[in-house]
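Rule-based calculations on the coordinates, nothing more; no lab input. Nothing here was measured: the structure is a model prediction, and the numbers come from that model. Reconstructed Cβ throughout: ideal geometry from the backbone, glycine too, with neighbour counts over all protein chains shown.
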Amino acid sequence: MLPAASWRRMMEELNNHFKENIQLKPTVIKHITGYLVSNSGDSAAAGAAGRIALRGLRPNADLQRITETPYFKDEHGFLANRVLEEWVGSVANCTACHVGAWVGDYKE
Ligand code: HEC
């Protein structure tokens, strides 16, 4: 649900990953970056689903949060803050509502 530019930037800024300092071997970083880029929303692997998830983003956008994409906001805008804060803690807690999120299934 993020474009390749986002994943590249994220992997380049691991020393400040949402205020955490993630320390990985350069070979591991390279391996993970390759996976993320080749499965990013604008990759061939993502296909039509990726194009839907990235719609409305400016070209070369490198935003870091899925929750800031127009697509995500469209799908979740109806959720009341009370639901998010009191029931699931944060909208980033995907698996609280999408039980299949671990395998990439967001239909339920
Ligand atoms: C509080 C519950 C809740 C949380 C937390 C939540 N979602 Fe959702 N999500 C929903 C609901 C409800 C819908 C269906 C909206 C609709 O039908 O218009 C939805 C729709 C979606 C869709 C569209 C699915 C489709 O088949 O059209 C995607 C993709 C998605 N969510 C991803 C995520 C991701 C990724 C996260 C975490 C970053 C997340 N959601 C967090 C409730 C949630």
Roughly how big is the chain's charge dipole about its Cα centre, with Cβ charges of +1 (Lys, Arg) and -1 (Asp, Glu), in debye to the nearest 20?
320
Using a 7 Å offset from Cα along Cα-Cβ at Gln64, what residues in region 1-25 end up with backbone N under 18 Å from the label point?
1-24
Filter the trypsin sites (Lys or Arg not before Pro) in region 18-108 down to the DSSP loop ones having no more than 16 other Cβ atoms within 10 Å, then list what survives.
Lys19, Arg55, Arg65, Lys107
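Go ahead and run the numbers for FRET between Lys25 and Val99, Cβ-Cβ distance against an R0 of 35 Å, rounding to 0.05.
For R0 = 35 Å, the calculated efficiency reads 0.55.
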At R0 = 30 Å the Cβ-Cβ FRET efficiency linking Ile52 and Val88, nearest 0.05, sits at 0.80
Need one number: nm distance between label points at Glu108 and Glu12, each 7 Å from Cα along Cα→Cβ, rounded to one decimal.
4.1
Using alpha carbons only, how many angstrom separate the centre of region 3-33 from the centre of region 64-99?
24
Using the Cα centre as the reference, give the magnitude of the dipole from point charges on the C-beta atoms of region 45-101 (Lys, Arg: +1; Asp, Glu: -1; all else neutral), rounded to the nearest 20 debye.
220
Expressed as an acute angle from 0 to 90° and rounded to the nearest 10, what is the orientation of the C-alpha long axis of helix 26-38 relative to the principal long axis of the chain?
50
What chymotrypsin sites (Phe, Trp or Tyr not before Pro) does the chain have in DSSP loop regions with at most 10 other beta carbons within 10 Å?
Phe18, Phe78
